[in-house]
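No value in this document is a laboratory result; all are computed from the given coordinates. Treat the numbers as computed from the prediction; the structure is a model and nothing was measured. Cβ placement follows ideal geometry from the backbone for every residue including glycine, while neighbour counts extend to all protein chains displayed.
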């Protein structure tokens, strides 16, 4: 089995990873247009080279309280069927190469909304990386 | 799908040409090129049945159309060719060299005839005997394959110089030069092309080729997808242009700003050009209507004359498609319900033949299409009664509306006034669908009607979908985009000016030229905190919007600018929010949300019904608590209060507009004669005011209205103080407002004094009977 490359990033102290093929690009952006009345995890809209992109706050998606943002926020832009959606994350990490066989079952202790967004857990040298289901993360919350 | 783009110059240079002929020519030229290929291929492989079938179809089509267009020569020659092809197709004969030659000659003659038609619209006097004879010979000679009487080799007689017929495709019209001199259709002088000036020997070969650069060469069929893509790209370019212009405005760099200016102009021109490629005349849509009207009027016994005005008005093709159904529905509805039967028309003193007029024209950057009939008109009373019967509204709610509002009830879902349901229209899915379809494309529909005179439906359609003229407003430090289409006017509310925000049952309203305009605060509608900056003396603005056929005011903090914006779809996450129609990128590169005016109106529970319901609810409160909000007026030196629930609107009439009829005073108002009662007269105090206008309180109910003239409108207040008795005539009591004694008007008496025939709604009568 060939190895899979993951782009990693940190949200609320936890390391997450997305398969690099699902990531369109990563960029920092500071001006978001708020969307009144939108679900809480919608962080706002921004202009990406003439395209209007919705930024979703991954913190809120994972059930954490939103954090007041100062300065530019990191966007992981995920390309799905026919639109690009941005995930707001705290910090961008490295790209890591992992064998699918190294995946471990999701820890039972993980609960809440996060559980539905995670497909696998990979132990890295110093910490655990949770592989994120891009589609689930980008989909609007059912609640 | 394909759309053809005719070169405009070539188009107009042959002004007598019918569109149909043009289309026929373009199509035929294309088919003929294919035909050449097919025939040559067939000659090599005479058994290719699909090719044979294709050739047969092409010739058959040209024959059919030329017959229809009365090009008899074309018809003759294609008919001959078709007979031969039929034999080949049926296997009665095999295509040999001779057959192919003959067929290719037929194609050449057809081409020559088409060229001739394109030049002057006539077939000319080309001699066809030879070619037809050849075809017949080919058919006749076929049963006996061996050469008999007729000579079989090269059937070239005198007309065709070319031996190698396959080469004919290159120079179609060069051989078989007819005697008649074709009028030179110079492209530089379009209007001068009079087809009836054949100057002998005039056409030089150069002009000949120039004139042949006609429809086939100057129009191109373009995939609509490509046009859509171009339109999208131009949209992006418009955005970039906006950003560029904005950026250079402040840069102070002359070279840059000049370049930006130039970019600005070119982009506008390009945008216009691309939009034009997508434009089609509305006649495309209308062409089917005469038949629809004819069939329909025959089947239901109407006599209808259909008049079409402005058929050349052009619309984006996607919009054309979108208004097709609504327009057809309105036309059917007009014939079915609008126009009366001939007998009824004669009885009403009208021409038995009804007139249905379709009118299209440009207005304020929109296309307006009107469907007007001179039929019986729409009776607001009937509409109101039907709305009540259908359970859409209560009688009280209808009573509180004015005639225009009542008419617009026909656009409500589940409404149909047809006395009997016919299979033509009147299934109750009509007008609301018309409205929905139009609003979906950013358009609007309205109607005007005069009972006995006729009805006019008016469709307002934007020129294009992708780029929208927008008004940028600011609320809570964020910018929002309002489609200019839905903005009626802007009102500034500053400190203590005339326009003020007042509250009716807690809901904000604004008195705008005497009319009570319900207000929506954008900030609150978007979930923001309740703020009333105007109470701190801060300026606010009201954008008067038109949503679902009625007006409301949107309160915003600031009005910034107008801009052309490109509508971008909302991310799927945000579609459920419901307040936004899309997003766009403004000149400074920031994303801004486009407000969905209809959704705002809906979410804020405006609407006639809701407003009327609020009034009715206020009325119910009156009954239980005998408390109401009061409109305080001045009648000479007295203060007279009128229950606000009995105020439909406030008007100011010019003094000279008040006319006398017998002992009464009236004023012409919205096509009605409105009785005017001067309260000073009723209350026995003489007004000495001399002013140019007469302020009046208008009360409408059941299609009737009265105006109560006062000397001034003072205030709207809560009726909190206890009522005392009053001995004054026409008064029902008195109270203290703002430390001043204010008399309460006996509305029933006042109205009856103004118009004894006035049908007061039951609750008013009951109320006042109880009170007295």
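Of note:
- Among A:50, A:71, A:93, residue whose mean-square fluctuation peaks in a GNM of chain A (springs only between Cα atoms under 10 Å): A:50
- Counting all C-alpha pairs of segment B:221-277, share separated by more than 17 Å (%): 42
- The mean count of C-beta atoms from other chains within 10 Å of the C-beta of residues in B:558-569, rounded to a whole number, is 1.
- Shielding value for B:521-528 is 2, the average number of Cβ atoms from other chains within 10 Å of each residue's Cβ.
- Applying 1/(1 + (r/R0)^6) with R0 = 45 Å to the Cβ-Cβ distance of residue B:305 and residue B:572 gives a FRET efficiency near 0.35.
- Relative packing of B:326-336, B:435-445, which averages over residues the other C-beta atoms within 10 Å, highest first: B:326-336, B:435-445
- Residues of segment A:12-32 falling in the label zone of residue A:90, defined by backbone nitrogen less than 11 Å from a point 7 Å along Cα to beta-carbon, are A:12-16.
- Two-site FRET efficiency, residue B:685 against residue B:382, from Cβ-Cβ distance with R₀ of 35 Å, rounded to 0.05: 0.25
- Taking other C-beta atoms within 10 angstrom as a stand-in for reagent exposure, B:596, B:96, B:739 fall in the order B:739, B:96, B:596, fewest first.
- Alpha-carbon centroid distance for the pair segment B:324-369 / segment B:33-74, whole angstrom: 44
- For B:263, A:87, order by how many other beta-carbon atoms lie within 10 Å, fewest first: B:263, A:87
- Only helices enter this figure: runs of n ≥ 4 DSSP H residues, each worth -39500 (n - 2.57), summed and divided by the residues of chain A, yield -1500 deg cm²/dmol at 222 nm to the nearest 500.
- Size descriptor, Kirkwood hydrodynamic radius, that averages inverse alpha-carbon separations across segment A:4-137, Å: 15.2
- Packing, as the average of other Cβ atoms within 10 Å across residues, places the peptides B:114-126, B:28-40 in the order B:114-126, B:28-40, highest first.
- Segment B:646-671-segment B:295-311 distance, computed between alpha-carbon centres (Å): 40
- Taken residue by residue and averaged, Cβ atoms of other chains lying within 10 Å of the Cβ of B:578-589 number 3.
- Extension gain for residue B:250 to residue B:490 (0.36 nm times residue separation, less C-alpha to C-alpha distance): 83.6 nm.
- Förster-model FRET efficiency, 25 Å R0, residue B:269 and residue B:229, C-beta, rounded to 0.05: 0.85
- Once the Kirkwood radius over Cα pairs is known for segment B:467-608, the Stokes-Einstein relation at 20 °C and 1.002 mPa s delivers a diffusion coefficient of 139 µm²/s.
- In terms of other Cβ atoms within 10 Å, B:20, B:26 run from fewest to most in the order B:20, B:26.
- Choice from A:59, A:91, A:49 with maximal GNM fluctuation in chain A (Cα, 10 Å cutoff): A:49
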